[in-house]
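The values are calculated or read from the model by the stated rules, or taken from the named source; none is laboratory data. Note that the structure is predicted; figures quoted are calculated from it, not measured. All Cβ positions, even for glycine, are placed from backbone atoms using ideal geometry, and neighbour counts span all protein chains on display.
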Amino acid sequence: MEETSVFIGEKLLRIEAENGIFELKVNEVYLWQYVRYYCLTKILEEVTGIETINKPNRLELNSAAKKNMIKEWIKKQQFLVHKKDMLVLNHPRRVKEGNYYKCYVTDTILDNLDYSYYVYENKYNGTHLIPVKTKNLRYVNIDVIKKFRKYDEQKDNKFLKDFIVKIVSVFEQGLGVMFSRQLKDFLFSYIKSTFHNMFYYRIWAEIVLTLVRPRVLIVTVGYNPFIQVMVAQAKKHKIPTVELEHGRIGDTHIAYNYVYRGRIEAFADYMFVYGDYEKVIPRYPVDKDHVKAVGYPELEKKSAYYLGKKRKRKQKIITFISGPEDGKVVSKYAINLRKNNRLKNVRMIYKLHPSEYGEWKKWYPDLVNSELEIVSENTHDIYYYIGNSDYIVGISSTVLFEAVEFNARVFIIKEKDYRKAEVLCQYNMASFIRNESELEERVVSDHMEKPQVDKGSFFKKDSVENIKRELKEIISS
């Protein structure tokens, strides 16, 4: 049933649109807007049988790192701020570049803007990666609010219970299934905790928005409830809100596709996307003229660097792209190909997704002694690997799209959620493979000529200038 995930996902969008759950309120909050992504994702997993590794990892810090972290925390106090032009909530998944950890979504943009700003960052995997070069960086700490304000969790429990019962009933009837006890427990726990935390998020948002008084709010990962509360509160202050695309969207990403056409207060006013394809194809809950194709500054910068760099080719390099949804299939391909004598002179790299770093040995025990090069930490950004690779192999990752910008040959394994990336094959930017021997033959017989394709639909050029122009128009209006 795994290959039906696109069909089931579309059905979920219709069910939520046709059954009034967007209009349900809990204490004047349109709660479904804030919990829909993670709830729909879990429902999709159970109904389709897709196994997803989606457990938070915590980075273990040594004593020296902990001491440095405390120093950084003191320096980056969240409320020691004043008025700035922009407030930026960045993507905390930093990667190592030289001696520093970089936010690949916002740093390149901010380095080229003429506006004043503060950047706020949540923890990722339990900590903040340091050192960083990001200017005017502050660390989010909601626990401070909880020490001074207490939410009466009993007050709205009846309304929450009624809301959750309604949600379960709507989707069970719409799908014609009965949810497992495990799924029901997750939905109850997640919705309840999110609603309670929103009380503290709103207080935090009001403090920061009042202190900074930004002319625009810029966010990433817009389906995070904390980000959504910030967006909704900014709108109350009549502050325009912009979300930066941080990964592929398409027409299957639940967070960015809506059949429902009512008002969504938790979604940013503007979407800045990579190219014309994702300007037109996804069904965002905003006006079409508020979706701007601007490009991707970090990708544009890195692809220019690696394409201009002459690599002395000693051997072919394959990089396998793992991920929580894809890892079991991709790892099987990689392990078996590593054993193949015809490919013994080919260098093979297995790039884990950051969410897999912590416990990959438990999830993929066969990788441990596979003789593959396992990448299990952010020593280099992803562009280091795809910029030095001849072949990129995966199923649905954003990296498959980005690899095209580096003129790498892209192979999509036709299993699980391959439809999320199949548009690359339609544009002759990638090829499907259906088994390991097919990939083996393609690598052995390939004469290394790079594909010549029109990539403009996916990544618009002159991205920094595009973003500067669009922001200027939004701020001045």
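Go through 335, 392 for me and flag whichever is within 25 Å of the chain's Cα centre (by Cα) and at pLDDT 95 or above. Break it down stepwise before answering.
Working: 335 fails: within 25 Å of the chain's Cα centre (by Cα).
Within the list 335, 392, the selection yields 392.
Output the residue which, of all residues in region 345-371 that are surrounded by fewer than 20 Cβ atoms within 10 Å (Cβ to Cβ) and among the hydrophobic types (A, V, I, L, M, F, W, C), is nearest to residue 413 (Cα to Cα).
Taking the candidates together, the pick is 349.
Scan region 350-381 for residues that are in contact with a Leu (Cβ under 7 Å, 6 or more places away or on another chain) and not hydroxyl-bearing (Ser, Thr, Tyr) and jot them down.
So the first thing to find is which residues in region 350-381 are in contact with a Leu (Cβ under 7 Å, 6 or more places away or on another chain), and the list is 350, 360, 374-376.
Scanning region 350-381 gives 360, 374, 375.
One line per residue, one yes/no per condition, for (1) closer than 24 Å to residue 29 by Cβ; (2) of a type in the set (Asp, Glu); (3) touching a residue at least 60 places away in the same chain (Cβ under 8 Å); (4) crowded, with 23+ Cβ neighbours inside 10 Å:
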{"residue": "223", "(1), (2), (3), (4)": "yes, no, yes, no"}
{"residue": "231", "(1), (2), (3), (4)": "yes, no, no, yes"}
{"residue": "242", "(1), (2), (3), (4)": "yes, no, yes, yes"}
{"residue": "247", "(1), (2), (3), (4)": "no, no, yes, no"}
{"residue": "250", "(1), (2), (3), (4)": "no, no, yes, no"}
{"residue": "257", "(1), (2), (3), (4)": "yes, no, yes, no"}
{"residue": "264", "(1), (2), (3), (4)": "yes, no, yes, no"}
{"residue": "268", "(1), (2), (3), (4)": "yes, no, no, yes"}
{"residue": "274", "(1), (2), (3), (4)": "no, no, yes, yes"}
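Any residue in region 109-127 that is part of a helix (DSSP H, G or I), over 24 Å from residue 375 (Cα atoms) and at pLDDT 90 or above?
To start, the set of residues in region 109-127 that are part of a helix (DSSP H, G or I) comprises 109-110.
Next cut, over 24 Å from residue 375 (Cα atoms) only: 109-110.
Subset that is at pLDDT 90 or above: 109-110.
Scanning region 109-127, I find at least one residue that is part of a helix (DSSP H, G or I), over 24 Å from residue 375 (Cα atoms) and at pLDDT 90 or above, so the answer is yes.
Quickly run through region 149-170 and pick out the residues that are of a type in the set (Val, Ile, Thr) and either in contact (Cβ under 8 Å) with a residue 12 or more places away in the chain or crowded, with 18+ Cβ neighbours inside 10 Å (or both).
Of region 149-170, the ones of a type in the set (Val, Ile, Thr) are 164-165, 167-168, 170.
Answer for region 149-170, where residues must be of a type in the set (Val, Ile, Thr) and either in contact (Cβ under 8 Å) with a residue 12 or more places away in the chain or crowded, with 18+ Cβ neighbours inside 10 Å (or both): 164, 167, 168, 170.
On the basis of being crowded, with 16+ Cβ neighbours inside 10 Å and either modelled with pLDDT under 95 or not charged (D, E, K, R) (or both), does residue 100 make the cut? Can you show your working first?
Details: crowded, with 16+ Cβ neighbours inside 10 Å: no; either modelled with pLDDT under 95 or not charged (D, E, K, R) (or both): yes.
When the stated conditions are applied, residue 100 does not pass them.
Hey, does region 184-196 have a residue that's surrounded by fewer than 19 Cβ atoms within 10 Å (Cβ to Cβ), of a type outside the set (S, T, N, Q) and touching a residue at least 60 places away in the same chain (Cβ under 8 Å)?
Yes, there is a match, as at least one residue in region 184-196 is surrounded by fewer than 19 Cβ atoms within 10 Å (Cβ to Cβ), of a type outside the set (S, T, N, Q) and touching a residue at least 60 places away in the same chain (Cβ under 8 Å).
If I filter region 234-273 down to residues being more than 21 Å from residue 35 (Cβ to Cβ) and of a type in the set (Phe, Trp, Tyr), which single residue comes out as nearest to the chain's Cα centre (by Cα)?
Going through the qualifying residues, I end up with 272.
Would you pick out the residues in region 276-292 that are in contact with a strand residue (DSSP E or B) (Cβ under 9 Å, 6 or more places away or on another chain), in contact (Cβ under 8 Å) with a residue 24 or more places away in the chain and within 28 Å of residue 233 (Cβ to Cβ)?
The answer is 278, 282, 284, 292.
Please specify each residue of region 149-161 satisfying the condition of being among the charged types (D, E, K, R) and assigned to a loop (DSSP other than H, G, I, E, B).
Start the filter on region 149-161 by keeping residues that are among the charged types (D, E, K, R), which leaves 149-150, 152-153, 155-156, 158, 161.
Selection gives 149, 150, 152, 153, 155, 156.
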